[in-house]
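Remarks on the structure that follows.
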Amino acid sequence: MAHDNTTLDHRLAIDGNEPCVTDPPSSYLHGPQEIGDEEVAAVTAALRSQHLFRFGKPEEASPTAQFEKHFAAATGVSHCLAVNSGTSALICGLVGLGVSSGDEVIIPAYTYIATAAAVLAVRAIPVIAEIDDSLTLDPRDVEEKITERTVAIIPVHMRGMPCRMAELIEIARRRDLRVLEDCAQANGGAYGGRPLGSIGDAGAFSLQHFKIITAGEGGAVTAQERRTFERAATHHDAAYRFWMKGHWTGEESFLGENYRMSDLNAALALAQLGKRHRILDRLRSIKHRLVLAIRNLPGVRMQDVPDVAGDCGTSAVFFVDGPAKAKWVAEALRAEGMRAGSMFDEGIPDRHIYYHWDYVMLKQTADRHGYPWRDPSRPCHVEYTRDMCPRTLSFLGRAVSVPLTQAMTDRHIDGCITAIEKVTRAASERVFDSP
Ligand SMILES: *Cc1c(COP(=O)(O)O)cnc(C)c1O
């Protein structure tokens, strides 16, 4: 069925009528669907070199060193360290910034559980703060959660959305806290004209399969200060100083683990980095088209965007006035043939919401003494309950999310717009049980 604005067919697919969205994209993943000749050539060249370890050869011959150089330039920072995951980027970033056992680190209530896990991995205590209508860290609640133990904040640019960095940086300066940006879902995003990952003291990126560009698995730490970078690099390799030989300029030496990236993954990452701009350009134009068409619909309130030009555009989110309505709208949109989801359900264990972080809520660690929560030398007073961030659960409960991919055609987007128009109109005429 074809529609235009004058002859909008109000009948819904959820009631058994024809779906109105056509032309679905073949993939919703961003990086993986771009894998092509460039990636195959880069990985093949790395294989043919028969040397997949980044050290022991000139920097020009190491895709890992090349990736670091290009990624630092693209992010506008002096230093970049490639690592093997986003989680290890967060861990190395925290070590880089000097976060230590028993320190409190403020993280948002809505982020992938790895953000909390990284804080625990350095034996620090995650303190969970509310998000606001941008679905990123609420600066007012951050201020509320600061204690004399707080040393750092991790703003997470969730779903490509830049956090309220001006407010967060102002608080961090005034209260003498370090800022580690979690850019895992916002590779290539910006705030105030500056690349994400260059605004705080350090940034952590993921190159995992589901992110904007991918290395299969991988990550990167960005830092402005040499000392932060050196501490992160020291922690990422048990023998960093040894491999660096004459190039070692650091003052500190301490325990490292192994979070190194392989040259095979780096070759892939470097080829994907060359495509980041094109992916983001298309995502932003898709989001612009969609948001312009739906933002004034009755009963629809768009997610607040702290920086429109810097938003990566990986999803469009809008709020309706209750959870039952959000669930019905998402279901009706899916029936029309598009992707859409409500964002919080007590019964669906979504690892992006603190409510479902079981081992954090229950303070379970591998350590039989219960570190870092049970530390006789630094008693911890942080408590977790599932109702501790009601505003976060309320925002997520009322939200409907539409994932976007660069593969969407204009025809598909127009179909989504029609679907959102008629489904939200029908929703505004229905009575929903509360909640
Ligand atoms: C994916 C993700 C991570 C972890 O990255 P991995 O590469 O999977 O370790 C951390 N934080 C956020 C917000 C993420 O989305």
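The values are calculated or read from the model by the stated rules, or taken from the named source; none is laboratory data. Every value quoted in this text rests on a predicted model; they were computed, and no experiment measured them. All Cβ positions, glycine included, derive from the backbone under ideal geometry; neighbour counts span all protein chains shown. For the accessible areas, the whole protein counts, side chains as well, though only heavy atoms, and no ligand, DNA or RNA atoms are used. Shrake-Rupley method; radii C 1.70, N 1.55, O 1.52, S 1.80 Å.
Taking all protein chains as shown and a probe of 1.4 angstrom, residue 191 keeps an accessible surface of around 40 Å². Considering only Cα atoms, the convex hull volume of the range 163-293 works out to 134 Å³ per residue.
Derived scalar couplings between HN and Hα for the range 61-70 equal 8, 10, x, 5, 5, 5, 4, 4, 5, 5 Hz in order, rounded to whole Hz, by the Karplus curve 6.51 cos²θ - 1.76 cosθ + 1.60 (θ = phi - 60°), x for Gly and Pro. Within the assembled protein chains, the solvent-accessible surface assigned to residue 18 is about 110 Å², based on a 1.4 Å probe. If you run the Gaussian network model on the chain, springs between alpha carbon atoms under 10 Å, then out of 415, 347, 250 the most flexible one is 347.
Where both bridge residues fall in the chain, DSSP classifies roughly 65% of the beta bridges as antiparallel. Classification of the chain by its C-alpha gyration tensor yields an oblate form. The axis ratio a/c (a ≥ b ≥ c) is 1.5 or more, and b/c is at least a/b. For the pair the range 244-303 / the range 395-435, the C-alpha centres are spaced 27 Å from each other.
Near residue 204, once Lys and Arg are set to +1 and Asp and Glu to -1 for all other residues with Cβ below 9 Å from its Cβ, the sum equals -2.
Of the residues 323, 306, 25, the one that moves most in a GNM of the chain with alpha-carbon contacts below 10 Å is 25.
Largest GNM mean-square fluctuation across 336, 346, 39, computed for the chain with C-alpha springs under 10 Å, falls on 346.
Each principal axis of the Cα cloud of the range 300-393 was taken in turn, and the coordinate range along them, longest first, works out to 56, 33, 22 Å. Normalized C-alpha radius of gyration of the range 1-159, against 2.2 N^0.38 Å? The value comes to 1.53. Residue 186 sits among other residues whose Cβ lies under 14 Å from its own Cβ, and their net charge, with Lys and Arg +1 and Asp and Glu -1, is +3. Expressed as a fraction of 2.2 N^0.38 Å, the C-alpha radius of gyration for the range 176-228 is 1.15. Legend: distances between Cα atoms for 211/327; 69/275; 69/287; 211/275; 325/422; pairs beyond 19 Å are 211/327; 69/287. For the chain, the mean residue ellipticity at 222 nm estimated from helices alone is -10500 deg cm²/dmol, where every DSSP H run of n ≥ 4 contributes -39500 (n - 2.57) and the total is divided by all residues, rounded to the nearest 500. Other residues whose C-beta falls under 9 angstrom from the C-beta of residue 321 contribute a net charge of +3, scoring Lys and Arg +1 and Asp and Glu -1. Over all pairs of different C-alpha atoms in the range 345-435, the reciprocal of the mean inverse distance, the Kirkwood hydrodynamic radius, equals 17.5 Å.
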